[in-house]
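Student: My questions will all concern the structure given below.
None of the figures in this text is laboratory data; all of them are computed from the coordinates on show. None of the values given here were measured: they were computed from a predicted structure. Positions of Cβ are generated from backbone atoms using ideal geometry, with glycine treated the same way; all protein chains shown enter the neighbour counts.
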Amino acid sequence: MAGYGAGVSRWYAILVSLLVCGSVLWPLSNHLRDEKVDGFPLSWYPMFRGTRPEIERPRHVVGIHEDGHEVAIPYNYWASGGFNQGRNQLTRIINLGTERREELCEQIARRVRKRRKRRDRGIVEIQIVRSQFDRVEYFRDGITEPRRRKVYTSCPVKASED
């Protein structure tokens, strides 16, 4: 009896090992084909091989300093999750209308005032915006100024609570 159980366990271990090794090596078979196949669950990130638009139109938040220069306000000033969650929350709030955008702007202004980070010192205004950037100019030529900008809402960063 003991020999029978040990033999089954051995063949089971061999089978599981072969399946694991096969699943690890399976994506290599894609390189042997003339036409590459991509799909779940063995994807090789098609989002990076697709064409991107020449003009990017991100929605984001900027802080305006007293002297006029601006800084990007990080997503964690309005979102508790990661970057994509923050981006999606911002888009949703923008689409909810003026009242909700103004509430968010004031919330961000309060956090800028309370956090007292070096980047935040001197910020007098918060803007929720949608900018247009030329990707080639931005990355190749270093032109980081937006071509156009739509300001959805803006609010002051008050010196103290009223």
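Student: How far apart, in nanometres, would the label points at Leu18 and Arg118 be if each is projected 7 angstrom from Cα along the Cα-to-Cβ direction?
Tutor: It works out to 6.1 nm between the two label points.
Student: Based on other C-beta atoms within 10 Å, arrange Glu35, Glu106 from fewest to most. Can you show the working numbers first?
Tutor: Working: Glu35 5, Glu106 16.
Listed from fewest to most nearby Cβ atoms, that is Glu35, Glu106.
Student: So, one more: At a Cα cut-off below 13 Å, give the aspartates and glutamates reachable from Lys158, other chains included and same-chain residues fewer than 8 away excluded.
Tutor: List returned: Glu66, Glu106, Asp120, Glu125.
Student: Here is a follow-up. For the pair Glu106 and Arg33, how long in nm is the line joining their label points, each one 7 Å along Cα→Cβ?
Tutor: With each label point 7 Å from Cα toward Cβ, the separation is 5.6 nm.
Student: In addition: Using only C-alpha atoms and all pairs of different ones, pull out the Kirkwood radius for segment 55-156 in Å with one decimal.
Tutor: 14.1
Student: Oh, and also: May I ask you to sort Asp134, Asp120 by Cβ crowding, counting other Cβ atoms within 10 Å and putting the fewest first?
Tutor: On the way: Asp134 15, Asp120 18.
Ascending number of Cβ neighbours within 10 Å: Asp134, Asp120.
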